[in-house]
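Here, each number is a calculation from the coordinates, and none is a lab measurement. Bear in mind the structure is a predicted one, so any value in this text is a computation, not a measurement. Counting neighbours? That spans all protein chains shown, and the Cβs are built from the backbone with ideal geometry, glycine included.
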Amino acid sequence: MRRVCVFCGSSPRTDPRYRQAAERLGRLLAEEGLTVVYGGARIGLMGAMAEATLQQGGKVIGVIPQALVDREIAHPDLTELHIVKSMHQRKALMAELADGFIALPGGLGTLEEFCEVLTWAQLGMHQKPCGMLNLDGYYQHLIEFFDHAVSECFFSPENRSMILIEQEPGLLLQRMRSYRPGQMEKWITPAEA
């Protein structure tokens, strides 16, 4: 694992503890020699994480749509900044550049991005680790939903086990580095098709 894509919120109005956690993750990724791939913004947790990574001597690759560049929210000092036409291109390029994915706290965009790469893993389109930092229980209700989806047979236990969940960034990185995807059974058998 050389590059980690981090999905996180861009709101500047969140609790300071989330910003501190984003900065802590950014510093840790730099110390571990991992390049950060993220959405390219200079605001919110996105900006805090990128700035902390850069200050620690790490590399940061941003991917941002032109529409957001036009709104002046692109981070000006990244190692690389890829400007794309659409959100779809943004997500595809971030996924292509990354060897693993981490979801920090965030809103709908963070959730959508993480669930998309998780869906791609479920479909066998990649075998990269997908981790969530459940800081102060931020994702607890989502984790309970995933477990509920398993109990209702919408999500297999094998696919549920692909979601690596920790409260501490160091532990999550350890699990991501040692992640080995299991052999998934086909969800629909030939008899059910």
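Overview of results
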item: Potential lengthening between Arg177 and Gln20 on full extension [0.36 nm per residue; Cα-Cα distance subtracted]; result: 54.2 nm
item: Options Pro105, Leu45, Ser156, ranked by Cα towards positive dipole end of the range 9-159, top entry (Cβ charges); result: Leu45
item: DSSP-loop trypsin sites (Lys or Arg not before Pro) across the range 73-136, with at most 11 other Cβ within 10 angstrom; result: Lys85
item: The chain: angle of helix 16-31 to the longest principal axis, Cα-based, in degrees nearest 10; result: 90
item: Spin-label proximity, Arg71 to the range 11-42 - amide N less than 18 Å from point 7 Å beyond Cα toward beta carbon; result: 11-14, 38-42
item: In the chain, lysine pairs with alpha-carbon atoms under 22 angstrom apart (chain gap of 8 or more, or interchain); result: 4
item: Diffusion constant of the range 1-118 at 25 °C, which comes from Stokes-Einstein with the Kirkwood Cα-pair radius and 0.890 mPa s, µm²/s; result: 180
item: C-alpha long axis of helix 44-55 to longest principal axis of the chain, angle in °; result: 70
item: Under 11 Å, Cβ to Cβ, from Thr35 - net charge with Lys/Arg +1 and Asp/Glu -1; result: 0
item: Dimensionless Rg ratio for the range 29-84, taking C-alpha atoms and the 2.2 N^0.38 Å reference; result: 1.04
item: Mean Cβ neighbour count within 10 Å, used as a protection proxy, ranking 123-129, 70-76, 166-172, 31-37 highest first; result: 31-37, 166-172, 123-129, 70-76
item: The range 83-134 versus the range 1-50: alpha-carbon centroid distance in Å; result: 14
item: Between helix 140-151 and the chain: long-axis angle, C-alpha atoms, 0 to 90°, nearest 10; result: 20
item: FRET E, pair Glu31, His148, Förster distance 41 Å, beta-carbon r, rounded to 0.05; result: 0.65
item: Dipole magnitude of the chain, debye to nearest 20 (Cβ charges: Lys/Arg +1, Asp/Glu -1, about Cα centre); result: 420
item: Three semi-axes of the equivalent ellipsoid, the range 106-173, Cα gyration tensor, whole Å, largest first; result: 18, 15, 12
item: Shape parameters for the range 37-184, alpha-carbon atoms, Rg then Dmax in Å; result: 15.8, 47
